[in-house]
Amino acid sequence: MAEREGVIKYQLDYTPSVACDEALLVSIQQWRLTLFQLGLIGQDPARYGGLGYGNISIRYGNGFIISGTQTGELERLTPEHYAIVEHCDPTTNHIVAHGPVKPSSEALTHGAVYALDDTIQAVIHIHSPEIWQKRGQLFLPETPADVPYGTPKMAQAVKQLWQEDAFKLSPVFAMAGHEDGIMSFGSDMTEAGMPLLNTFQWARAFELTEAIESGARDAGEKHF
Ligand SMILES: [Zn+2]
């Protein structure tokens, strides 16, 4: 792929500080673990130059709490692995954050989703080759292939999808310019996570059906 995963592209004013209250993180922690165990958030030496991928956030104050940069390899996060974004302006590419760790490199795209509507309280970004490759069959809305992640252009592309009412049926969308990049959002963690899991299951079902059909075709060719 043309871009490197995990590279922070926005202008960041970051102040190291203590972790946020663990009680704020109950639902985000549950979903982070589930998505890690499914390989949708993680780190793999064979993918994306071995850098961590996927991140998760919840709205908090005027900003949001998001998993820290390069935490993908860890199965279980602690409050020390979350950054508090106080201010995020996707149009000027600017983030103000504090916490024990810097925010994820894709925090700007999370900020762009929160800016769409006050009812959006949770945002998830995963990497799924299964969903990404089947995004056409799954009728997923997508941001254009020439728009890279974590940029003001991505923020604009997400806003355009929203204005086109592309999320009427599902909050899941693909980033065509970010290999395997899928996002979802909702009024809470479950509203963001469940449609994502459903989409993942559908993508795997399509893959299975195609494998069975191509196996049957191969077997047929051998016999006749
Ligand atoms: Zn990504």
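The values are calculated or read from the model by the stated rules, or taken from the named source; none is laboratory data. Predicted, not measured: the structure shown is a model, and the values here were computed from it. Note: ideal-geometry Cβ built from the backbone for every residue, glycine included; neighbour counts use all protein chains shown. Surface accessibility is based on the protein's heavy atoms, side chains included, excluding ligands, DNA and RNA. Shrake-Rupley method; radii C 1.70, N 1.55, O 1.52, S 1.80 Å.
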* Taking Ala216, is it surrounded by 10 or more Cβ atoms within 10 Å (Cβ to Cβ), touching a residue at least 24 places away in the same chain (Cβ under 8 Å), part of a helix (DSSP H, G or I) and among the aliphatic types (A, V, I, L, M)? -> no
* Structure fact -> Val85 passes all but one of the listed conditions (1) touching a Phe, Trp or Tyr at 6+ places or on another chain (Cβ under 7 Å); (2) open to solvent by 40 Å² or more (accessible area, probe 1.4 Å); (3) not acidic (Asp, Glu); the exception is number (2)
* Asked: Of all the residues that make up region 77-111, how many are under 17 Å from His125 (Cα atoms) and out of contact with any strand residue (DSSP E or B) (no Cβ under 6 Å at 6 or more places or on another chain)?
  -> 5
* Asked: Does at least one position in region 16-36 carry a residue that is basic (Lys, Arg), modelled with pLDDT of 95 or more and not in a strand (DSSP E or B)?
  -> yes
* So Ile124, is it hydrophobic (A, V, I, L, M, F, W, C), in contact with a Gly (Cβ under 7 Å, 6 or more places away or on another chain) and either open to solvent by 60 Å² or more (accessible area, probe 1.4 Å) or modelled with pLDDT of 95 or more (or both) -> yes
* Asked: Restricting attention to region 183-191, does a residue exist that is at pLDDT below 95, assigned to a helix (DSSP H, G or I), open to solvent by 10 Å² or more (accessible area, probe 1.4 Å) and more than 16 Å from the ligand (Cβ to nearest atom)?
  -> no
* Please specify each residue of region 127-143 satisfying the condition of being open to solvent by 10 Å² or more (accessible area, probe 1.4 Å) and within 16 Å of the ligand (Cβ to nearest atom). => Pro129, Glu130, Trp132, Gln133, Arg135, Leu140, Glu142
* Structure fact -> Going through region 36-83 in order, the residues found to be touching a Lys or Arg at 6+ places or on another chain (Cβ under 9 Å), away from the ligand (no atom under 16 Å from the Cβ) and on the phi > 0 side of the Ramachandran plot are none
* **Checklist (1) at pLDDT below 95; (2) within 14 Å of the ligand (Cβ to nearest atom) applied to Gln156, failing item** => (2)
* Structure fact -> Over region 150-186, the set of residues of a type in the set (Phe, Trp, Tyr) and under 16 Å from Thr199 (Cα atoms) is Phe167, Phe173, Phe185
